[in-house]
Amino acid sequence: MLYDLNIAWSPGLSPSDLQNTLRLSKTLGYDVVALNNTITGSQIPCSPSPITNPIPILNPQQPAGGGGAPSSITTPSTTASSSLPSSSLPTILRRATLEITDPATTNYRLPDFTRAYDLLALRPTSDRSFTWACNNTTDPPALISLDLTRPLGYHIHPRTAMAAVHRGSRFEVCYSQAVQLSSLNPESARARSIFIGNVQSLVRATKGRGIVISSEAKSALGLRGPADVVNLMAVWGLGPERGFEGLGTGARAVVVNEGVRRRGFRGVVDIVSVAEGGPERAKGEEEETNGKQGKKGQQQQGQGQKRKNNDKGGGGGIGGGGGGGQQKNNKKMRKEGMA
């Protein structure tokens, strides 16, 4: 299965444009996509008010065990569910990306956003917020997404990046940030060169591990096929094997882990299935077990009786052998007496 965990969504996006983008992603081979709501630092509420999810639910939820959507899609939406046909659409998740400048004003609100969305990503904009996102969050974020078209202003240190990977977070590279730039605009050319340099720095810091590839497409024109994406990433420094992993197994691990985190207790206790049949089924299973144990006992008893009979037959043979030897001795003594 192929994943695209970042398709840009905004309240002003028309349903027809959203429908075209989702249908094209399905045609290109993406089975699971995530609609992304980017929330800037000024939009993050500081008061303990409930977090609402404005992204509409576009298709029925699917279990995460098979690589689909987490079963946490239960948060009520502030907008009505769309009437888009779900037969031609991929599995759709709802995601939030928080732009972090000051970690002190955001850390305590992360659990609220986690409950409201299926996926939560952090986009640090400073060295302090990047270090905090990698090492010091209460729960490791699912994704750390960087705006690679701008100078980061800090160095991606390998120790910091690998600490985030070991905690379970993944770094996201959005190829549409460079693809949708106009080649005729000098500023766009500069942004593309900055993007390529930042991607290479991230690949060197992580050695290609823990990278998830997404599009962040704002329209259908920003989407590319999986083979094209892997070729682009190979040109930018990420090997083909890591590229396919970023579109497949790496992204699937993010989705499944987030689903388990929301269904279970602290990511440890998870309800896989519920027992069916009630007391009658339990009674039948007990009777079947008792029957098997009784049959096994009868077989062991029969084997013991057979072994006992064999032992008795062996004793008779030995005794018979002893009687034959006594007769030979008697005959020998008679012959000696006659002589």
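The values are calculated or read from the model by the stated rules, or taken from the named source; none is laboratory data. Quantities reported herein were computed from a predicted structural model and do not represent experimental measurements. Quick reminder, even Gly has a Cβ in these numbers, built from the backbone with ideal geometry, and neighbours come from all protein chains shown. Quick note on the areas: whole protein, heavy atoms, side chains included, nothing else; ligands and nucleic acids left out. Shrake-Rupley method; radii C 1.70, N 1.55, O 1.52, S 1.80 Å.
Can you pull out the residues in segment 117-144 that are assigned to a strand (DSSP E or B) and under 18 Å from the mean Cα position of the chain (by Cα)? Even if it seems obvious, please write down each step before you answer.
Our first condition is that a residue be assigned to a strand (DSSP E or B); within segment 117-144, this holds for 119-124, 143-144.
Selection gives L119, L120, A121, L143, I144.
Give me the residue from segment 242-254 that is open to solvent by 40 Å² or more (accessible area, probe 1.4 Å) and in contact with a helix residue (DSSP H, G or I) (Cβ under 9 Å, 6 or more places away or on another chain) and, out of that set, farthest from N6 (Cα to Cα).
That would be R242.
Considering each residue of segment 15-41, count those that are open to solvent by 40 Å² or more (accessible area, probe 1.4 Å) and either under 16 Å from N53 (Cα atoms) or in a loop (DSSP other than H, G, I, E, B) (or both), and give that number.
3
Could you list, in sequence order, the residues of segment 210-226 that are in a helix (DSSP H, G or I), under 20 Å from S16 (Cα atoms) and open to solvent by 10 Å² or more (accessible area, probe 1.4 Å)?
A220, L221
Tell me, which residue of segment 162-180 that is in a helix (DSSP H, G or I) and out of contact with any helix residue (DSSP H, G or I) (no Cβ under 7 Å at 6 or more places or on another chain) is most open to solvent (accessible area, probe 1.4 Å)?
Ranking the qualifying residues of segment 162-180, first place goes to H166.
Has segment 143-160 got any residue that is open to solvent by 10 Å² or more (accessible area, probe 1.4 Å) and at positive phi?
yes
State whether one or more residues within segment 236-246 are farther than 27 Å from W9 by Cβ, basic (K, R), at pLDDT below 95 and within 25 Å of the chain's Cα centre (by Cα).
The answer is yes, given that some residue of segment 236-246 is farther than 27 Å from W9 by Cβ, basic (K, R), at pLDDT below 95 and within 25 Å of the chain's Cα centre (by Cα).
Taking the stated definitions as given, is T114 closer than 21 Å to P50 by Cα, among the polar types (S, T, N, Q) and assigned to a helix (DSSP H, G or I)?
On the way: closer than 21 Å to P50 by Cα: yes; among the polar types (S, T, N, Q): yes; assigned to a helix (DSSP H, G or I): yes.
Yes, satisfied.
Do you know which residues across segment 87-111 are more than 24 Å from V32 (Cβ to Cβ), assigned to a loop (DSSP other than H, G, I, E, B) and open to solvent by 50 Å² or more (accessible area, probe 1.4 Å)?
Matches in segment 87-111: T101, D102.
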